[in-house]
Amino acid sequence: MKQFTHQFAVTTQGKGLVNINREIENWVDRQEILTGLLTVFLCHTSASLVIQENADPDVLLDLNDFFGRLVPDGDPAHRHQSEGPDDMPAHIRSALTQVQISIPIVQGRMALGTWQDIYIFEHRDSPNRRKVVLHILGN
Amino acid sequence: MKQFTHQFAVTTQGKGLVNINREIENWVDRQEILTGLLTVFLCHTSASLVIQENADPDVLLDLNDFFGRLVPDGDPAHRHQSEGPDDMPAHIRSALTQVQISIPIVQGRMALGTWQDIYIFEHRDSPNRRKVVLHILGN
Amino acid sequence: MKQFTHQFAVTTQGKGLVNINREIENWVDRQEILTGLLTVFLCHTSASLVIQENADPDVLLDLNDFFGRLVPDGDPAHRHQSEGPDDMPAHIRSALTQVQISIPIVQGRMALGTWQDIYIFEHRDSPNRRKVVLHILGN
């Protein structure tokens, strides 16, 4: 059994989803593991990871809009206001999704469905440098 | 350290939760792994996985109803309408839950609590064939 | 490749977040694994796990309050009322978060970001003894 780790960063452009599937796929390919488990981990509390549809880009816009309505910026109910009106909502949106996804590797590839890609979901208005850690193990 | 993968499909019957614990448990038993890690992965973006109470079936109905109220079908706010009024809401409900769950194997069994079972949460109205990929590793 | 499992319990004090990072970190340190994967699993359906900000404690209060507003106790829409007005909402809040988180181990430490700690999110009003199972594998 072999294992490898890798780290990369993505600069987001404000709220929305950023496709990181290609970058992950390229790294997985180079590890030459036929059967195993890949773990994707995001080192932040105001962004998150989601697996979403890769066909119609409107899905990504609608998803982002829904989270904006469900957890509106500037909600006066929040105590934590010091980092801006979009900070506490960002933490909540992160908790409603997740910062880790593990995917089986089967026949040398991630076992994603046809329509599944992996995205960083940025919840802050400002561009941010987001760090992703990958871990793979297998044979 | 050994590892195995397995794939199976479940036909859902419209919105709601389908218990897949027995099928997973039977496969885990046959791998004869005493200590290890099981990963369950669902290859879809309009259904998801949840661990929920296995005692009172009303919990499953209430959970499904809540998600129906939180993310109503036919919301005119969505751009993505081409696949029907229940499609974009299904993607959002999937993002609010998850498509992957990993469970430690301890003494040859999944370390689930007494009341925990694994379910597919179908978010579309139509019956769908949903693909599940399992990965286990351990000794 | 080595692997180890561990189990511990935490007594919560009603709704809110309980930091379990130190306890997990101490156990990880003792396993002397430089590169690997840690899985944290919570054996319950009315509490959950989240990774959240460890700097401003107001974030934890705001997060708990938000979930209280999103999934209010005593909602008459629920069929499942027999275990109290906070039980079905607790199951829903658990489904909206998760009961499992896996974290890569890099250079002997969990690859958490600077602001990330692991918390149990208690969703019931009463104190509860919550069981956590850890699994680590690596070298």
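The values are calculated or read from the model by the stated rules, or taken from the named source; none is laboratory data. A quick note: this is a predicted structure, and the numbers were derived from the prediction, not measured. Neighbour counts run over all protein chains shown; Cβ positions are idealised from the backbone, glycine included. Protein only, heavy atoms only, side chains kept; ligands, DNA and RNA dropped before computing areas. Shrake-Rupley method; radii C 1.70, N 1.55, O 1.52, S 1.80 Å.
Laid out as a table, the results:
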{"read-out": "Qualifying position, being open to solvent by 40 Å² or more (accessible area, probe 1.4 Å) and either within 13 Å of chain B (Cβ to nearest Cβ) or out of contact with any Lys or Arg (no Cβ under 9 Å at 6 or more places or on another chain) (or both), among C:Pro72, C:Pro89", "value": "C:Pro72"}
{"read-out": "Some residue of the stretch B:100-114 being within 12 Å of chain C (Cβ to nearest Cβ), touching a strand residue (DSSP E or B) at 6+ places or on another chain (Cβ under 8 Å) and hydroxyl-bearing (Ser, Thr, Tyr)", "value": "yes"}
{"read-out": "Given (1) without any contact (Cβ under 8 Å) to a residue 60 or more places away in the chain; (2) at positive phi, number of the condition C:Gly14 does not satisfy", "value": "(1)"}
{"read-out": "Residue in the stretch C:89-97 that is touching a residue at least 60 places away in the same chain (Cβ under 8 Å) and among the polar types (S, T, N, Q) present", "value": "no"}
{"read-out": "Residue that is nearest to the other protein chains (Cβ to nearest Cβ), among those in the stretch B:115-139 that are of a type in the set (S, T, N, Q) and in a loop (DSSP other than H, G, I, E, B)", "value": "B:Asn139"}
{"read-out": "Residue list for the stretch C:97-109, restricted to those being surrounded by fewer than 21 Cβ atoms within 10 Å (Cβ to Cβ) and either in a loop (DSSP other than H, G, I, E, B) or touching a helix residue (DSSP H, G or I) at 6+ places or on another chain (Cβ under 7 Å) (or both)", "value": "C:Gln107, C:Gly108"}
{"read-out": "The stretch C:16-54, subset of a type outside the set (Asp, Glu) and open to solvent by 60 Å² or more (accessible area, probe 1.4 Å), residue nearest to B:Leu60 (Cα to Cα)", "value": "C:Asn19"}
{"read-out": "Number of positions in the stretch C:118-139 that are open to solvent by 10 Å² or more (accessible area, probe 1.4 Å) and within 30 Å of A:Met1 (Cβ to Cβ)", "value": "2"}
{"read-out": "Check on A:Gln116, polar (S, T, N, Q) and in contact with a Cys (Cβ under 8 Å, 6 or more places away or on another chain)", "value": "yes"}
{"read-out": "Filter pass, C:Ala77 being out of contact with any Gly (no Cβ under 9 Å at 6 or more places or on another chain) and surrounded by fewer than 23 Cβ atoms within 10 Å (Cβ to Cβ)", "value": "yes"}
{"read-out": "Sole residue being among the β-branched types (Val, Ile, Thr), more than 8 Å from chain A (Cβ to nearest Cβ) and closer than 20 Å to C:Pro76 by Cα, chosen from B:Val50, B:Val59", "value": "B:Val59"}
{"read-out": "Hits in the stretch A:90-137 - residues which are within 19 Å of A:Arg69 (Cβ to Cβ) and either of a type in the set (Gly, Ala, Ser) or modelled with pLDDT under 95 (or both)", "value": "A:Ala90, A:Ser94, A:Ala95"}
